[in-house]
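Structure, as structure tokens:
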There are 4 protein chains.
Amino acid sequence: MTAAQLTLVQIDNYGPWTVTPEPRREMDLQTLQSRLFADIAQYIGNRGGYVFFTRFDNMVAVTNGLDRRDHELLQESVGNRYPVTVSLGVGVDEVPIDALETATERVQAAGSAQSSDRSEALAGEFHDGDPTDEDVHIAHFDVNDATGKYTDRLNEFDSFINIEQGYASLMKYMREEHGALSFFVGGDNVIAACPDLSHDDYMGAIDHVAADADVQLKVGVGSGATPHEAGFAAKHALEDCRYEGTLVEFA
Amino acid sequence: MTAAQLTLVQIDNYGPWTVTPEPRREMDLQTLQSRLFADIAQYIGNRGGYVFFTRFDNMVAVTNGLDRRDHELLQESVGNRYPVTVSLGVGVDEVPIDALETATERVQAAGSAQSSDRSEALAGEFHDGDPTDEDVHIAHFDVNDATGKYTDRLNEFDSFINIEQGYASLMKYMREEHGALSFFVGGDNVIAACPDLSHDDYMGAIDHVAADADVQLKVGVGSGATPHEAGFAAKHALEDCRYEGTLVEFA
Amino acid sequence: MTAAQLTLVQIDNYGPWTVTPEPRREMDLQTLQSRLFADIAQYIGNRGGYVFFTRFDNMVAVTNGLDRRDHELLQESVGNRYPVTVSLGVGVDEVPIDALETATERVQAAGSAQSSDRSEALAGEFHDGDPTDEDVHIAHFDVNDATGKYTDRLNEFDSFINIEQGYASLMKYMREEHGALSFFVGGDNVIAACPDLSHDDYMGAIDHVAADADVQLKVGVGSGATPHEAGFAAKHALEDCRYEGTLVEFA
Amino acid sequence: MTAAQLTLVQIDNYGPWTVTPEPRREMDLQTLQSRLFADIAQYIGNRGGYVFFTRFDNMVAVTNGLDRRDHELLQESVGNRYPVTVSLGVGVDEVPIDALETATERVQAAGSAQSSDRSEALAGEFHDGDPTDEDVHIAHFDVNDATGKYTDRLNEFDSFINIEQGYASLMKYMREEHGALSFFVGGDNVIAACPDLSHDDYMGAIDHVAADADVQLKVGVGSGATPHEAGFAAKHALEDCRYEGTLVEFA
């Protein structure tokens, strides 16, 4: 049975900070945000987890394999090296959106995202019991022949619009139908943290996006004790789609 | 008259590299992409330009103020420090999408994004003549009370869906109606490189997104010789919206 | 009984790379080196280890708490994100220099530092058995009132010469007398991985540097199962020196 | 005539910050320091300057080609992205140590390195008049066959001791005899900012280090309007030494 551990990473009081005492240089903010994400990606990633940049001031991570102490140390290290701090909320559930609901509530309970009183809150529940190979399900989507259809043919913004409309359609469908969380991760790739779904469920999502946004996706699916294990299997399954010419492959 | 200089930054042969000899760890790819973007943001940003991560393997920059030599040096520095190289295309036009069209064609003409033969192409036309305060128009949108309506109330993914659907709607409208390029830059912020647009044009965009995606935007608009100057003025104008309770302000 | 695990991190074939096809920009090399060190510092540091930049193309780490799998993953992650790869050798001994001797021999046995044939070698012996609080001894030295005597009074280079001559004297003495490895870590700080030494041993070192280089040091000493535990205790002991006006304090 | 512009970069109130409210994790401090240096290396380096990490909390840069506005922007960007700020002092002189003396005095006059009152001071005099090809002289030293003699034969710490003793000897000699500033830059390399020196002056330095520290150096020397131009010529001259088997070559 799936038991996804989700962590919400929220920068404390970030909005006000970006305009105090006056608006800060946009490219400095972009640099700060993307480097903070990169650091967290390394920290969580080399412990087997996955993190997604989402809105950058709020990031969503799948953290099976990381315990409370790992979360505390991440918080301490960010605080030591950045001009901002982060609060962390953690939840565990069979359905990713429900785990994130818990995680978010814990952070919200500690104070507003724009409160100067809240700093480095850490609250939530961690996966206990032994990890199993069914704890995490990852689906890795990409666009069929995106380079041939878009990148090498259209201007970059029109390519991007196509990818983006496909993503907007997929993220909404997967969340509403399955409580799955889908994240654009660059290029033509979307990675989703899912409950245990069937071949037909994935075909349903692909059909929906083809009809709704006219973008043709394919998907590889894997499961494992950690996001890295599940996601690595999903990547291999997606390679199988490429060689077999299929739209859905399970590892 | 607007004269936006747009640069397409495209990683050479990135797709194949990410799966050779077998798929690379996802969090290493995320780290590489976001740090490369951060470095380019610093380089272009402290010369007065703006860059947007777009799809990460393809980034779009507004580079008024940067000449051919600046572009060559960026290419050299990336090549010295990363396991990948970048090709650059440059175009100038009154309408941003047309400038990017030229920029993209130049890169495409040098070879496919997935060709191992193309490496560090640099081609295009640079802004010549004296810069003027009307060269670049930047619009900075954000969502009205996003913290109160979304971040402090919904789980993070549902907040993100709202922001994302608003963005998907805005990016498409602004491109189709005005040839403007809109980029999500984190939080609830979207920055657009625009031609010279009127108050009514911006109200039209805001109304469209409210009707289409049920997201209430406001916008500050600035112009200048460089993206930083235009964007900084836009940020101040957006602060004016906040204090005045208005939806559109020009610097 | 002390059981320090030392890791040599050596960039593969770095010298030739820096001048191929022609010399690379010095500031790009400096950036590459210091960011690679920073990444390794985060990776090893948040697992309880310490790494020192030494010559940058060769770094020395105290890695009690990191096993073979941790070393493999570090190697993989560097290879995924940098234009260079690293080889790793590991050794364990009561005396740090002997552990490093083993670690170095393992890397040397795999090929020359300037051989294009060697890539990502990993060899050595890891600490087995249960960790104990006596495994690692760390001494944290600093210069008495460096700000008052040097930084606020001399030009920066003359301040630096004083610190550097003190360091050159200390590193040689500690290695020759005790097989300890001393590393300059910035400011007026030197951190040493030591065998189990007495109060008199440390006083001997301080007296030697005072006589040989006319620099007045003090030192805090700690021990623990990992470098972080030992080093953190040493920092607190050094704070005790500061408040007590003493030259040697044990945690 | 030489006209070197030297900048002292000093982190404000860094010492106290590192131990407040209690000592911070050493590896976080190492990461912060080396990344700050890397960022400054990119900023100064891609404008033609050189910066050296020196003590990390104090860095020395040769900044011919960077004006007051460039310095202000560096300060602003660091302040936007790090938990610390930097003060900058600038001086120009025929002799590098005298330029640095001026630069340091300007920072010292603004307050102590450990004063919480001083923040982001910027003071000094900038190179005016037209740049000439004689403004900056850079000497690039390395150790003859360091890989064969040390790296592939000794344990890494003993290799490092040899390089370090050679450096300590050279830095002192060059400063005392010529007012030149020599910096270890990794591997077996030392880069020096020098006044206009002769072949015999450099042979004198090499002979001194051979006698004093038993380390055999060679050196390439270049001059230019900026450190990059001078240093790049020096690197090529050092390659000439390698091929010709000579000890001193001028570009």
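Among C:Tyr167, C:Tyr50, C:Tyr14, which one shows the highest mean-square fluctuation when chain C is modelled as a Gaussian network with alpha-carbon springs under 10 Å? Result for chain C, Cα springs under 10 Å: C:Tyr14 fluctuates most. Just so you know, the Cα atoms of the protein assembly as shown work out to an Rg and Dmax of 28.2, 82 Å. Identify which of D:Asp142, D:Asp98, D:Asp200 has the largest mean-square fluctuation in a Gaussian network model of chain D, with springs joining Cα atoms closer than 10 Å. Maximum among the listed residues: D:Asp200. The Cα trace of region C:92-183 gives Rg and Dmax of 18.6, 51 Å, the first to one decimal, the second as a whole number. Run through every distinct alpha carbon pair of region D:18-139 and return the Kirkwood hydrodynamic radius in angstroms, one decimal place. After inverting the mean inverse Cα-Cα distance, the result is 15.5 Å.
Taking only Cα atoms and a 10 Å spring cutoff, compute GNM fluctuations for chain B and point out the largest among B:Gly179, B:Gly48, B:Gly79. In this elastic network of chain B, the residue with the biggest mean-square fluctuation among B:Gly179, B:Gly48, B:Gly79 is B:Gly79. Per-residue 3J(HN,Hα) values for region C:49-55, derived from phi via the Karplus relation 6.51 cos²θ - 1.76 cosθ + 1.60 with θ = phi - 60°, read x, 10, 10, 10, 6, 6, 9 Hz in sequence order (x marks Gly and Pro).
What does the charge count near D:Thr54 come to, summing +1 for each Lys or Arg and -1 for each Asp or Glu among other residues with Cβ under 14 Å from its Cβ? Don't skip to the answer; put the middle values down first.
Working: positive: D:Arg55, D:Arg175; negative: C:Glu156, C:Asp158, C:Glu164, C:Asp188, D:Asp57.
Computed value for this residue: -3.
Reported to the nearest whole Å, the Cα centre-to-centre distance from region A:12-70 to region B:1-71 is 19. Farthest towards the positive end of the charge dipole of region D:144-232, among the residues D:Phe232, D:Ile161, D:Gly179, is the Cα of D:Phe232, using unit charges on the Cβ of Lys, Arg, Asp and Glu.
Please identify the GluC sites (Glu not before Pro) of region A:66-99 that satisfy two criteria: DSSP loop assignment and at most 16 other Cβ atoms within 10 Å. Which are they?
Answer by residue number: A:Glu94.
Take the Cα radius of gyration of region B:179-251 and divide it by 2.2 N^0.38 Å, N being the number of residues; the result is 1.04.
Here region A:1-77 is treated as a sphere whose radius is the Kirkwood value from Cα pairs; by Stokes-Einstein at 10 °C and 1.306 mPa s it diffuses with a coefficient of 118 µm²/s. Altogether, the Stokes-Einstein calculation at 10 °C and 1.306 mPa s, with the Kirkwood radius of region C:128-178 over Cα pairs as Rh, returns a diffusion coefficient of 117 µm²/s. Each label point was placed 7 Å from the Cα along the Cα-to-Cβ direction; for D:Glu94 and A:Glu22 their separation is 4.3 nm.
When the pairs A:Lys149/B:Lys235; A:Lys172/B:Lys218; A:Lys218/B:Lys149 are compared against a 31 Å limit on Cα-Cα distance, A:Lys149/B:Lys235; A:Lys218/B:Lys149 fall above it. Measuring max minus min along each principal axis, the C-alpha atoms of region B:72-124 give extents of 35, 22, 13 Å (largest first).
Computed from the C-alpha gyration tensor, the three semi-axes of the ellipsoid equivalent to region A:156-197 are 22, 10, 5 Å, from longest to shortest. Its alpha carbons give region D:92-251 an Rg and a Dmax of 17.5, 55 Å.
Every number in this text was worked out from the coordinates using simple rules, so none of it is lab data. Computed from a prediction, not measured in an experiment: that's the story for all the values here. Note that each Cβ is placed from the backbone with ideal geometry, even for glycine, and that neighbours are counted across all protein chains shown.
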